[in-house]
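Visitor: Pasting a structure below so you can have a look.
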Amino acid sequence: MYDLKKQTYTMDDLLNIMELLRSPQGCPWDREQTHQSIRNNLLEEAYEAAEAIDTNDARLLREELGDVLLQVVLHSRLEEEKGGFRFSDVVDGIARKLVLRHPHVFGDCTVQNSEEVLSNWEAIKKQEKGRNTDTQVLQGVSKALPSLMRAQKISKKAAKAEGKPQVLSEAVDSLLEDAKELALSADSGQTEEQRKKLGRLLFSVAEVSGILKIEAEQALSEACDRFILQFEEREKQSAGVEPLIEK
């Protein structure tokens, strides 16, 4: 029986604990779960781990990575119970992928820099996934990604496929034109058309972010934080509280 007196738990312990939790003698909540019911849990834990990275909190990161690992173990256990893959298959799969996609380390391929590493990675991935056209590569960008992140990846892959460099000035001009078109449609009353124009504007924002090598999602998140701070200052001023003065 497991208890908190154990000095150090191992990966095997974690797998055994999950098996016990899913057993008839285990936890009612754990036994009820499916891939679908805990889908959002996996996303939430990944975002919380990202937040720990953003705040440079190593102690919190260790905890959050454990929560992410728990999700991997639970999903693997669900499949194993159905006669599907096991956790060991997940480990084997990612290990093989790393070996396959690093021929400059495990094979006889030679690279000069990180850019060539990424180029090889994408070429191997394209062949591995059986993607014969550039359109299939764009379609392969996960729809489950946050939309700004997805748009940025699609824009980057499209520019690479077309073989032409992304020019910042041209992208900014396109962004401004999209903003102008959205403004002109403001009084049209055509909601669907406005939605399309707004979507195009957001895609242009993601494209500019990619050219600047700035993660659009992170930039927007930071903008949200600044907005909240500014809102707090305005609220304090309205209440007659002395505002903070930046030095």
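The values are calculated or read from the model by the stated rules, or taken from the named source; none is laboratory data. Owing to the predicted nature of the structure, the values given are computational and were not obtained by experimental measurement. Note: ideal-geometry Cβ built from the backbone for every residue, glycine included; neighbour counts use all protein chains shown. Each accessible area value is taken on the protein alone, full model and side chains, heavy atoms only, with ligands, DNA and RNA left out. Shrake-Rupley method; radii C 1.70, N 1.55, O 1.52, S 1.80 Å.
Visitor: So Val141 clears everything in (1) over 19 Å from the mean Cα position of the chain (by Cα); (2) assigned to a loop (DSSP other than H, G, I, E, B); (3) within 30 Å of Ile94 (Cβ to Cβ); (4) in contact (Cβ under 8 Å) with a residue 12 or more places away in the chain except one condition, right? Which one?
Guide: (1)
Visitor: Would you mind stating whether Gln152 is assigned to a loop (DSSP other than H, G, I, E, B), touching a residue at least 40 places away in the same chain (Cβ under 8 Å) and out of contact with any Cys (no Cβ under 7 Å at 6 or more places or on another chain)?
Guide: Against the criterion (assigned to a loop (DSSP other than H, G, I, E, B), touching a residue at least 40 places away in the same chain (Cβ under 8 Å) and out of contact with any Cys (no Cβ under 7 Å at 6 or more places or on another chain)), Gln152 does not qualify.
Visitor: For the list (1) modelled with pLDDT of 90 or more; (2) open to solvent by less than 80 Å² (accessible area, probe 1.4 Å), I need the number of the one condition that Arg200 fails.
Guide: Only one criterion is unmet by Arg200, namely (2).
Visitor: Taking the stretch 138-175 as the region of interest, how many residues are among the hydrophobic types (A, V, I, L, M, F, W, C) and in contact with an Asp or Glu (Cβ under 8 Å, 6 or more places away or on another chain)?
Guide: Final tally of qualifying residues: 7.
Visitor: Say whether the condition of being in a loop (DSSP other than H, G, I, E, B), open to solvent by 50 Å² or more (accessible area, probe 1.4 Å) and touching a His at 6+ places or on another chain (Cβ under 9 Å) is met by at least one residue in the stretch 105-121.
Guide: yes
Visitor: Take the stretch 4-63 and flag every residue that is among the charged types (D, E, K, R), under 20 Å from His75 (Cβ atoms) and open to solvent by 90 Å² or more (accessible area, probe 1.4 Å).
Guide: Asp12, Arg31, Glu32, Arg39, Glu44, Glu63, listed by residue number.
Visitor: Tell me, which residue of the stretch 69-101 that is open to solvent by less than 40 Å² (accessible area, probe 1.4 Å) and under 19 Å from the mean Cα position of the chain (by Cα) is nearest to Glu19 (Cα to Cα)?
Guide: His75
Visitor: Let me ask you something else. Does any residue of the stretch 173-181 turn out to be open to solvent by 80 Å² or more (accessible area, probe 1.4 Å) and among the hydroxyl-bearing types (Ser, Thr, Tyr)?
Guide: No, the conditions are met nowhere in the stretch 173-181.
Visitor: Another question, then. Being aliphatic (A, V, I, L, M), modelled with pLDDT under 90 and assigned to a helix (DSSP H, G or I) narrows it down to one of Ala219, Ala171, Ala161, so name that one.
Guide: Every option except Ala161 fails the conditions.
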